[in-house]
Amino acid sequence: MDFSLSEEHLMIQQAAKDFAETELLPEVIERDDAQRFPAEEVKKMGALGFMGMMVDPKYGGSGMDTLSYVLVMEELSKIDASASVIVSVNNSLVCWGLETYGTEEQKQKYLPGLTSGEIIGAFCLSEPEAGSDATSQKPTA
């Protein structure tokens, strides 16, 4: 079995590495220290197709595969964990769920903005005894 990356995967990996080094690295410490959301960087990641990597192109996504997503996440994470979490949540928790379970009207309304980085997907997690520490939650139904 050949585990080599395809030429396309290598190009995607290099694009993510170049972006992380040129766009994220120069101000990563300052953004973290100031707790500043990387709004401009998110729009640039959207323009590169990173904000909707596995979303169908008919909704503005890149239509890439899971391995491409993992390669991009790895390269972004090496430089800026915050930026990688933004990409991760937007792709996996928001775009995936919306594309998989949303109505056609919802997909057309929200996915183009999510994939471009013009709007940002998020999720909330909080319980009285644990706050946002998911491992300490004790929910009941």
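The values are calculated or read from the model by the stated rules, or taken from the named source; none is laboratory data. Here the structure is a predicted model, which means the values were calculated and not measured. Neighbour counts are summed over all protein chains in view; Cβ atoms, including those assigned to glycine, are modelled from backbone coordinates with ideal geometry.
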So, L76, is that one under 12 Å from the mean Cα position of the chain (by Cα) and at pLDDT below 95 or not? no
Would you check if there is a residue in region 59-77 being exposed (fewer than 14 other Cβ atoms within 10 Å of the Cβ) and assigned to a loop (DSSP other than H, G, I, E, B)? no
Matching residues in region 1-31 (exposed (fewer than 13 other Cβ atoms within 10 Å of the Cβ) and charged (D, E, K, R)) number 5
Every residue in region 83-102 that is of a type in the set (S, T, Y), in contact with a helix residue (DSSP H, G or I) (Cβ under 9 Å, 6 or more places away or on another chain) and at pLDDT 95 or above, please. S84, S88
Scan of region 25-37 for residues that are in contact with a Ser or Thr (Cβ under 9 Å, 6 or more places away or on another chain) and either assigned to a helix (DSSP H, G or I) or touching a residue at least 40 places away in the same chain (Cβ under 8 Å) (or both), ordered by number: V28, R31, D32
Could you please let me know if F37 is of a type in the set (F, W, Y) and either closer than 18 Å to A122 by Cβ or in contact with a His (Cβ under 9 Å, 6 or more places away or on another chain) (or both)? yes
What residue, among those in region 103-141 that are surrounded by 16 or more Cβ atoms within 10 Å (Cβ to Cβ) and not hydrophobic (A, V, I, L, M, F, W, C), is nearest to M64 (Cα to Cα)? T115
Among the residues that make up region 38-49, is at least one of them without any contact (Cβ under 8 Å) to a residue 24 or more places away in the chain, surrounded by fewer than 15 Cβ atoms within 10 Å (Cβ to Cβ) and either touching an Asp or Glu at 6+ places or on another chain (Cβ under 8 Å) or basic (K, R) (or both)? no
Would you confirm, using the coordinates I've provided, whether M45 is within 27 Å of S4 (Cβ to Cβ) and outside any helix (DSSP H, G or I)? no
